[in-house]
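Data first, discussion second: the structure below is written as structure tokens.
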Amino acid sequence: MSDAGIDSSARAGDGAEPQRVQTSPGEDADGQPASRLDAGGPQVGDGVVAFLGMRWQDPETVRLTIRPELINVGGMLSGVVAYALVDYGMGSALWARTTEHEHVATINIAINYVQAASRGEIVCRTSLDRRNRGSAVLRSEVHHEDGRLLVTAIGSYAIFGARVGPHHTWP
């Protein structure tokens, strides 16, 4: 059963275990289309996530430790790394608000590099500004552990139904 069937009245840290609520596939406890909001961010990453060392705090917050392999020839964190952090952060924040029958894809991200960093921890926080059936708009900020704003970004994403094809199987 997905985490969409967890009773949110049991809060983390209060000593109580979340109570599972029996639901129909794709529905939450109230019979509404289930979202992945309680999933806590990606549980399995890809090669990019692994190489960069992205770590999710929750679906809207992803962290990364700057290390030598991520530094460009100018001695600063590569803009590609910050862009990837924003793209994965936005995708995660939106994915958490989709059903198992919806997929998302980046349409566009406008990014502003405000300051540079060469060491330490950075965190990307994303918020969903608007979502409808076919698209979403999100914004992200990347901050250094010392509080400096490094990056601002706004992104648009497509939301579409799962396609059945040679690479997809259905239970």
### Query
In the range 65-86, is there at least one residue being within 11 Å of the chain's Cα centre (by Cα), under 23 Å from A162 (Cβ atoms) and hydrophobic (A, V, I, L, M, F, W, C)?
no
### Query
So which pairs qualify, if the first residue must be in the range 64-75 and within 10 Å of S118 (Cβ to Cβ), the second must be surrounded by 14 or more Cβ atoms within 10 Å (Cβ to Cβ) and among the acidic types (D, E), the Cβ gap must be under 8 Å, and the two must be at least 6 apart or on different chains?
I66/E121
#### Entry: Leading residue by the ranking (farthest from A153 (Cα to Cα)) among those in the range 83-117 that are in contact with a Cys (Cβ under 8 Å, 6 or more places away or on another chain) and aliphatic (A, V, I, L, M)
L85
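Conditions (1) surrounded by 13 or more Cβ atoms within 10 Å (Cβ to Cβ); (2) farther than 17 Å from S78 by Cα; (3) among the basic types (K, R), marked per residue:
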residue: H101; (1), (2), (3): no, yes, no
residue: I107; (1), (2), (3): no, yes, no
residue: A110; (1), (2), (3): no, no, no
residue: E121; (1), (2), (3): yes, no, no
residue: S127; (1), (2), (3): no, yes, no
residue: T152; (1), (2), (3): yes, no, no
residue: G155; (1), (2), (3): yes, yes, no
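Looking at Y83, Y88, which one is among the aromatic types (F, W, Y), in contact (Cβ under 8 Å) with a residue 24 or more places away in the chain and touching a helix residue (DSSP H, G or I) at 6+ places or on another chain (Cβ under 8 Å)? Let's see the steps before the verdict.
Details: Y83 fails: touching a helix residue (DSSP H, G or I) at 6+ places or on another chain (Cβ under 8 Å).
Checking each option against the conditions leaves just Y88.
Test of understanding: among A84, A50, which residue is modelled with pLDDT of 95 or more and in a helix (DSSP H, G or I)? Steps first, please.
Working: A50 fails: modelled with pLDDT of 95 or more.
So the residue among A84, A50 that is modelled with pLDDT of 95 or more and in a helix (DSSP H, G or I) is A84.
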### Query
Quick check: anything in the range 88-110 farther than 30 Å from F160 by Cβ and either out of contact with any Asp or Glu (no Cβ under 6 Å at 6 or more places or on another chain) or among the acidic types (D, E) (or both)?
no
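The values are calculated or read from the model by the stated rules, or taken from the named source; none is laboratory data. None of these values were measured; they are calculated from a predicted model. Here the Cβ is made from the backbone with ideal geometry for all residues, glycine too, and neighbour counts use every protein chain on show.
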